[in-house]
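S.K.: I am attaching a structure below and will ask some questions about it afterwards.
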Amino acid sequence: MEKETELRDLDSKLPHLVDDASAKVDRPLLKPERSTPASTESIQELEKKFAAYVRNDVYGPLGQGELPFKEKLLLGIAIVTLLPIRVVLAMSILLLYYLICRICTLFSAPNREDEQEDYAHMGGWRRSVTVRSGRLLSRLILFVFGFYWINETYRDLSDNEKSATENQSKDQSEEAERPGAIISNHVSYIDILYHMSSSFPSFVAKRSVAKLPLVGLISKCLGCVFVQRESKSSDFKGVSGVVTERVREAHRKKFAPMMMLFPEGTTTNGDHLLPFKTGAFLARMPVLPVILRYPYQRFSPAWDSISGVTIS
């Protein structure tokens with residue numbers, strides 16, 4: 001009799017157990033029953049860990065912060081007035097430089113080595129025109145974007161360092177000490193325009209850039225080294241060898257374009273430096289270090305997922 005009563009009790013409880021189990025199964029696996037808010041300590045740790053990538057302007061993270069009414073008003077006025085003017089002027093300058101590159105490369109075959117294609121090794125007036133006009137028009141685009149003044153400072157060697165450097169380089173020519181590459185921190189899309197206006201170097205770019213309208217020919221005139229970044233094949237080893245050879249060539253030859261390399265391998269907000277990758281130093285040639293800083297009050301030009309209107 002006791003066993004029968006126990007079985008009856010178990011049968012009466014089974015439907016409730018099944019209902020509870022099915023209710024748990026129906027709950028989404030990625031949604032916990034109660035969402036516990038992140039502690040203040042964990043948020044501070046994350047901000048400290050990723051401090052090099054945090055935006056510090058009025059537009060907030062990813063440009064999606066809550067703006068005060070004054071900022072919204074200024075942004076609305078800029079969208080209607082300033083943004084169209086800047087876009088039209090920048091595109092006109094880009095088209096002008098494309099036409100210059102097109103004229104300079106007429107009846108001239110590109111240099112094809114190691115699955116690369118470029119016009120950077122042209123000589124004579126062709127190379128002179130592409131470089132000088134490229135530097136001038138790049139600076140003009142920067143002016144259109146609002147970079148009216150660019151302050152450049154250089155490290156001044158002390159007397160002892162100067163004398164030591166003179167003694168070491170007494171038997172070496174000026175060409176032998178020419179840097180083979182420029183290394184710089186990477187903050188913004190503006191970095192490329194600045195380096196073009198300053199030294200007109202060659203960059204490492206995605207292979208798809210070579211096929212873009214207007215920009216494709218310009219990148220070939222810059223002598224960009226194209227890499228298939230989406231592929232995980234042995235292509236990187238070949239590109240690394242091309243970059244190393246380019247750095248050595250720029251060190252040896254006065255008119256060879258220098259390589260522009262970003263040794264951090266990514267972009268930051270400009271307030272921090274990340275550990276360097278070794279690719280820029282494999283050639284074991286002198287490099288020219290450059291540090292870019294963007295002083296700002298309202299809008300940080302740091303590379304980020306921002307809406308296009310914010311740039312205005």
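The values are calculated or read from the model by the stated rules, or taken from the named source; none is laboratory data. Since this is a predicted model, take the numbers as computed values, not measurements. Every residue, glycine among them, receives a Cβ derived from its backbone with ideal geometry; neighbour counts consider all protein chains shown. What goes into the accessible areas is simple: the full protein's heavy atoms, side chains included, and nothing from ligands, DNA or RNA. Shrake-Rupley method; radii C 1.70, N 1.55, O 1.52, S 1.80 Å.
S.K.: Within segment 174-223, can you find the residues that are open to solvent by 50 Å² or more (accessible area, probe 1.4 Å), more than 19 Å from R127 (Cα to Cα) and assigned to a helix (DSSP H, G or I)?
M.R.: Correct list: E175, E177, I192, R207, S208, K211.
S.K.: Determine which single condition A90 fails, assuming it passes every other condition in (1) surrounded by 12 or more Cβ atoms within 10 Å (Cβ to Cβ); (2) not in a helix (DSSP H, G or I).
M.R.: Unmet for A90, out of (1) surrounded by 12 or more Cβ atoms within 10 Å (Cβ to Cβ); (2) not in a helix (DSSP H, G or I): (2).
S.K.: Answer with yes or no whether L75 is touching a residue at least 40 places away in the same chain (Cβ under 8 Å), of a type outside the set (K, R) and either more than 23 Å from D191 (Cβ to Cβ) or open to solvent by 60 Å² or more (accessible area, probe 1.4 Å) (or both).
M.R.: Details: touching a residue at least 40 places away in the same chain (Cβ under 8 Å): yes; of a type outside the set (K, R): yes; either more than 23 Å from D191 (Cβ to Cβ) or open to solvent by 60 Å² or more (accessible area, probe 1.4 Å) (or both): yes.
It is true that L75 is touching a residue at least 40 places away in the same chain (Cβ under 8 Å), of a type outside the set (K, R) and either more than 23 Å from D191 (Cβ to Cβ) or open to solvent by 60 Å² or more (accessible area, probe 1.4 Å) (or both).
S.K.: I'm trying to understand the selection: among the residues of segment 47-98, which are modelled with pLDDT of 95 or more and of a type in the set (S, T, N, Q)?
M.R.: S92 - this is the single residue of segment 47-98 that is modelled with pLDDT of 95 or more and of a type in the set (S, T, N, Q).
S.K.: Restricting to segment 249-260, name every residue that is over 13 Å from G279 (Cα atoms) and of a type outside the set (G, A, S).
M.R.: If we filter segment 249-260 for residues that are over 13 Å from G279 (Cα atoms), which is where we start, we get 249-258.
Result: E249, H251, R252, K253, K254, F255, P257, M258.
S.K.: While we're looking at this one, here's another question. So which residues in segment 95-105 are touching a helix residue (DSSP H, G or I) at 6+ places or on another chain (Cβ under 9 Å) and open to solvent by 30 Å² or more (accessible area, probe 1.4 Å)? Spell out how you get there, then give the answer.
M.R.: So the first thing to find is which residues in segment 95-105 are touching a helix residue (DSSP H, G or I) at 6+ places or on another chain (Cβ under 9 Å), and the list is 96-98, 100-105.
Within segment 95-105, L96, Y98, I100, R102, I103 meet the criteria.
S.K.: Could you list, in sequence order, all residues of segment 52-70 that are closer than 22 Å to N269 by Cα and either aromatic (F, W, Y) or in a helix (DSSP H, G or I) (or both)? Give the derivation first.
M.R.: Restricting attention to segment 52-70, the residues satisfying the condition of being closer than 22 Å to N269 by Cα are 52-67.
Those that are closer than 22 Å to N269 by Cα and either aromatic (F, W, Y) or in a helix (DSSP H, G or I) (or both): A52, Y53, Y59, P61, L62, G63.
S.K.: Shifting gears a bit: What is the number of the single condition among (1) touching an Asp or Glu at 6+ places or on another chain (Cβ under 9 Å); (2) modelled with pLDDT of 85 or more; (3) open to solvent by 20 Å² or more (accessible area, probe 1.4 Å) that V242 does not meet?
M.R.: (3)
S.K.: Which residues, counting only those in segment 253-275, are touching a residue at least 40 places away in the same chain (Cβ under 8 Å) and more than 14 Å from S202 (Cβ to Cβ)?
M.R.: Of everything in segment 253-275, those that are touching a residue at least 40 places away in the same chain (Cβ under 8 Å) and more than 14 Å from S202 (Cβ to Cβ) turn out to be K254, P263, E264, T266, T267, T268, N269, G270, D271, H272, L273, L274.
S.K.: Which one is modelled with the lowest pLDDT among residues in segment 115-131 that are surrounded by fewer than 12 Cβ atoms within 10 Å (Cβ to Cβ) and not hydrophobic (A, V, I, L, M, F, W, C)? Outline the logic, then answer.
M.R.: First, the residues of segment 115-131 that are surrounded by fewer than 12 Cβ atoms within 10 Å (Cβ to Cβ): 123-125.
If we keep only those that are not hydrophobic (A, V, I, L, M, F, W, C) as well, we get 123-124.
Working: G123: 83, G124: 88.
Across segment 115-131, the extreme among qualifying residues is G123.
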